[in-house]
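Inspection log for the structure reproduced underneath, given as structure tokens.
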Amino acid sequence: MFILIILSYLMVGITTILLFLTGYQGLARTDIFGITHPLLGLLTILIFAFTETFTLTFISAFIKSVKQKLEEDRSSELTQLRRNVYSHGMLSILWITTVFLLGGAVDTNLLPSFFHGMIFLLGFVHYFYLIKLQHSVMVNCLLFMSELNVSEE
């Protein structure tokens, strides 16, 4: 389980770096490592979607396994946390995917690049909120697990 948590944090870190590089590349209009902006955007969205799907599934399964061992009032708190993380995670996936798709409209001059950049910036800010939310939920689950382990002994 702890290996999966570490893997999740590593994947989130890689995704954050890729999102930052993609945003920088869009502003600077330069190639990074010889990769064009649309190609880096495609790579970023693929890794982003995989990372968020993995993290949301892991958090959901983690909460479900912890919730089975808790009393009803404590498990309702975890259910609310899971609902909150899942809804924001899906919104983030939808938001960043929309930014990627609108990048095609910018390339064909159907949409101004300023609009695309502002939507990316808002999605990037929401992504940082999602990271904070996911981290707090993982910490809460680990605290609930430690309470269970202490009470069983």
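None of the figures in this text is laboratory data; all of them are computed from the coordinates on show. Not measured: the values here are computed from a predicted model. FYI the Cβ positions are ideal-geometry reconstructions off the backbone, even for glycines, and counts take in every protein chain you see.
Here are the numbers for this structure:
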| read-out | value |
| --- | --- |
| Least to most buried among Lys132, Lys67 (fewest other Cβ within 10 Å first) | Lys132, Lys67 |
| For Met90, Met11, Met138, order by how many other beta-carbon atoms lie within 10 Å, fewest first | Met90, Met11, Met138 |
| Per-selection Kirkwood Rh - segment 2-152 (Cα, Å, 1 d.p.) | 16.8 Å |
| Theoretical ellipticity at 222 nm over the chain - DSSP helices of four or more residues, -39500 (n - 2.57) apiece, nearest 500 | -32000 deg cm²/dmol |
| Phi to ³J(HN,Hα) by Karplus 6.51 cos²θ - 1.76 cosθ + 1.60 over segment 112-119, Hz, x for Gly, Pro | x, 5, 4, 4, 4, x, 5, 5 |
| ³J(HN,Hα) computed for each position of segment 93-100 - Karplus, 6.51 cos²θ - 1.76 cosθ + 1.60, integer Hz, glycine/proline x | 4, 4, 5, 5, 5, 4, 4, 4 |
| Ranked list, fewest to most other Cβ atoms within 10 Å of each Cβ, for Glu71, Glu147 | Glu71, Glu147 |
| Per-residue HN-Hα couplings for segment 127-135 [Karplus 6.51, -1.76, 1.60; θ = phi - 60°; Hz; x = Gly/Pro] | 4, 5, 5, 5, 4, 4, 5, 4, 5 |
| Cα→Cβ-extended label distance, 7 Å offset, between Tyr129 and Arg83, nm | 1.8 nm |
